[in-house]
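See structure below.
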Amino acid sequence: MSKDLTIPGDLLSGDVRLAGEGTYIEDEKVYASVCGVVDRGEKIRVVPLTGKYMPCSGDVVVGKIIDVRFSSWTVDINSPYEARLHISEYPKRINPGETNQHLGIGELIIAKVTGVDAAMRVDLTMRDGGKAIRSGRLIEISHTKIPRAIGRGGSMINLIKNETNCDIFVSQNGRIWINGREDMVTLAADALLKIEQEAHTFGLTDTIREFIENAKRDRK
Amino acid sequence: MKGKPEKLIVKGKRLDGRKLDELRPVKIEVGVLKRADGSCYLEIGKNKVMAAVYGPREVHPRHVQEATRAIVRYRYNMASFSVEDRKRPGPDRRSVEISKVSRESFEPMVIKECFPKAAVDIFVEILQADAGTRTAGINAASLALADAGIPMRGLVSSCAAGKVDGQIILDPMKEEDNYGEADMPIAMVAPDNITLLQMDGHFTKDEFKQAFELAKKGCAQIYEMQRQALIAKYGAEGKR
């Protein structure tokens, strides 16, 4: 059993200045508030192993348009809270009232979170690097597994990209966009879903390499 | 149903062979429902309960939402086949009360400020009942909340103490509940946050103290089992 696994209520430290994410303070002591792995860096934080995506300023997310309004869009970002994309944050200049000519309900976009306020109103922008997704395939995995899908220094995602020749875009909210040849997209999607299933195992990069090579051989 | 047995305690042993301060055997499994955000299946003796947690999610109807914190909703429901005589399905006076006290046993422990305007919905379904279903439901719901990743100040553990044949016992089963003299379920978060305390029947002041201490000990045992269940689910993932 891992020593660093915590459950809610576990005592982490007696120094309240160290309290980070996934912790709370009571009686001058720091306790864990969620199930997760303790990271004792500059601050003590608990990296959650479960839970919903909570938007954070600076995150790049894949969103789905769920409402078109006069001068903004309402976007689902795979979180308990909806986000808002104002027309001024659209890459092109558009006039109020013309929103429906640019993005319709159900369309997917890549956007960046610019701000989250205390009432959890989330604002998005498509101005730096954002775009609409009009081809390829989208899969969804738990956002807690995203670091695993990327791998150390991007090793995992680069492996899948090279092996399948697909464009893969991994967003912070657990959605992954894959674009490329149809059968290779399927293979990449299978590999990513396998990563989600086996996120806790050792030597995952090798497992995935083997998985892709075997799948390719079978297809020939 | 069978009539009252002559004696509920024979030579220091109870009808099912337990000692006075012994819990029924417990089985816990976390994360059993795929479509729920968190779930738990729990058995204690002949009780079988399933808990599911959904959320944080949008609140409907809108007017019950809170601007600065999440709301917690709890539904305790007994399946019509959970007892010997078919129970009329749907909420009744008893289950509405249990839902309320169970919700209140969680409200101070869930860190609601993390999710303004959202709702955390807890559903507890009693599949088979044999006295002590509210405590079993709370134990399962607590694990389902942790499984859903809802920030909490600690795991809520719950256990009852009772009095039969003039003696204080831990975790009464159906016969002891039906023919006993008192039943007192409590819920707590270690070390000393009592979030539920109910009592049915009569205790003297000393008996009450004794029963309360015994129930607390039961909660501590339950807590250890809850902890193991979570480690069994997340231990492998945390190892990496």
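The values are calculated or read from the model by the stated rules, or taken from the named source; none is laboratory data. What you see is a predicted model, and the numbers here were worked out from it, not measured in a lab. Cβ placement follows ideal geometry from the backbone for every residue including glycine, while neighbour counts extend to all protein chains displayed. The protein model used for the area step is the full one, side chains on, heavy atoms only, and it has no ligands, DNA or RNA in it. Shrake-Rupley method; radii C 1.70, N 1.55, O 1.52, S 1.80 Å.
Worth pointing out:
- Restricted to Cα atoms, the stretch A:1-114 shows a radius of gyration and a Dmax of 19.9, 59 angstrom.
- Remark: chain B carries 47 Å² of accessible area per residue (probe radius 1.4 Å; ligands, DNA and RNA excluded).
- For the stretch B:1-52 versus the stretch A:1-59, the gap between their alpha-carbon centres in whole angstrom: 33
- Carbon and sulfur %, accessible surface of the protein assembly as shown computed with the full protein complex present, 1.4 Å: 48
- Chain A: most fluctuating residue of A:Arg84, A:Arg121, A:Arg175 per GNM, C-alpha cutoff 10 Å: A:Arg121
- One quarter of the surface of the convex hull around the alpha-carbon atoms of the stretch A:115-220 equals 8.0 nm², the direction-averaged projected area.
- Per-residue HN-Hα couplings for the stretch A:130-138 [Karplus 6.51, -1.76, 1.60; θ = phi - 60°; Hz; x = Gly/Pro]: x, 7, 8, 9, 10, 8, x, 9, 10
- Our coupling estimate for the stretch A:185-195, obtained by passing each phi through the Karplus curve with A = 6.51, B = -1.76, C = 1.60 and θ = phi - 60°, is 4, 4, 4, 4, 5, 4, 4, 5, 5, 5, 4 Hz, Gly and Pro reported as x.
- Kirkwood hydrodynamic radius over Cα pairs of the protein assembly as shown, then Stokes diffusion coefficient at 25 °C and 0.890 mPa s, in µm²/s: 100
- Positions from the stretch A:20-46 whose accessible area shrinks by 10 Å² or more when the full protein complex is built, not the chain alone, probe 1.4 Å: A:Tyr24, A:Glu26, A:Ser33, A:Val34, A:Cys35, A:Val37
- For the peptide B:108-116, the mean number of other protein chain Cβ atoms found within 10 angstrom of a residue's Cβ is 3.
- Filter on A:Lys43/B:Lys233; A:Lys64/B:Lys100; B:Lys46/B:Lys112; A:Lys145/B:Lys216; A:Lys29/A:Lys194 - keep pairs with C-alpha separation over 32 Å: A:Lys64/B:Lys100; B:Lys46/B:Lys112; A:Lys145/B:Lys216; A:Lys29/A:Lys194
- Along the stretch B:165-176 the Karplus relation, 6.51 cos²θ - 1.76 cosθ + 1.60 evaluated at θ = phi - 60°, assigns HN-Hα couplings of 6, x, 10, 7, 10, 9, 6, x, 9, 4, 4, 5 Hz to successive residues, with x for each Gly and Pro.
- Helix B:93-106 axis, angle to chain B major axis (alpha carbon atoms, nearest 10°): 60
- Going by accessible surface with a 1.4 Å probe and the largest first, B:Asp165, B:Asp206 read B:Asp206, B:Asp165.
- Once both labels are positioned 7 Å from their Cα atoms along Cα-to-Cβ, the gap between B:His63 and A:Ile105 label points is 2.6 nm.
- Per residue accessible area in Å² of the stretch A:45-150, where ligands, DNA and RNA are left out and the probe is 1.4 Å: 47
- For B:Asp165, the residues whose modelled amide H falls within less than 5 Å of its own, excluding neighbours fewer than 5 places apart on the same chain, are B:Glu181.
- GNM top mover of A:Ala119, A:Ala83, A:Ala189 - chain A, alpha-carbon springs below 10 Å: A:Ala119
- Each chain gives up part of its surface: A and B jointly bury about 2600 Å² of accessible area, both sides summed, for a 1.4 Å probe.
- Restricting the stretch A:157-220 to chymotrypsin sites (Phe, Trp or Tyr not before Pro) that sit in a DSSP loop and have at most 14 other Cβ atoms within 10 Å of their own Cβ leaves A:Phe202.
- The fraction of Cα-Cα pairs per 5 angstrom bin, counted from 0 for the stretch A:5-48, comes to 6, 32, 38, 20, 4 percent, rounded to whole percents.
- Across q = 0.20, 0.25, 0.26, 0.29 Å⁻¹, the stretch A:55-107 modelled as identical point scatterers on its alpha-carbon atoms has Debye log10 I(q)/I(0) values of -0.68, -0.99, -1.05, -1.21, in the order of the q list.
- Its Kirkwood hydrodynamic radius, worked out from the mean inverse distance over all distinct Cα pairs, puts the stretch B:16-239 at 17.7 Å.
- Using 0.36 nm per residue and subtracting the Cα-Cα separation, the extra length available between B:Ala232 and B:Lys205 on full extension is 5.6 nm.
- Spacing of the two label points (7 Å from each Cα toward its C-beta) at A:Asp15 and B:Ile9, in nm: 5.2
- MRE, 222 nm, helices only [DSSP H, n ≥ 4, -39500 (n - 2.57), over chain A, to nearest 500]: -6500 deg cm²/dmol
- A cut-off of 5 Å between modelled amide H atoms, ignoring neighbours fewer than 5 places along the same chain, links A:Ser142 with no other residue.
- In chain A, the C-alpha radius of gyration followed by the widest Cα-Cα span (Dmax) gives 20.0, 64 angstrom.
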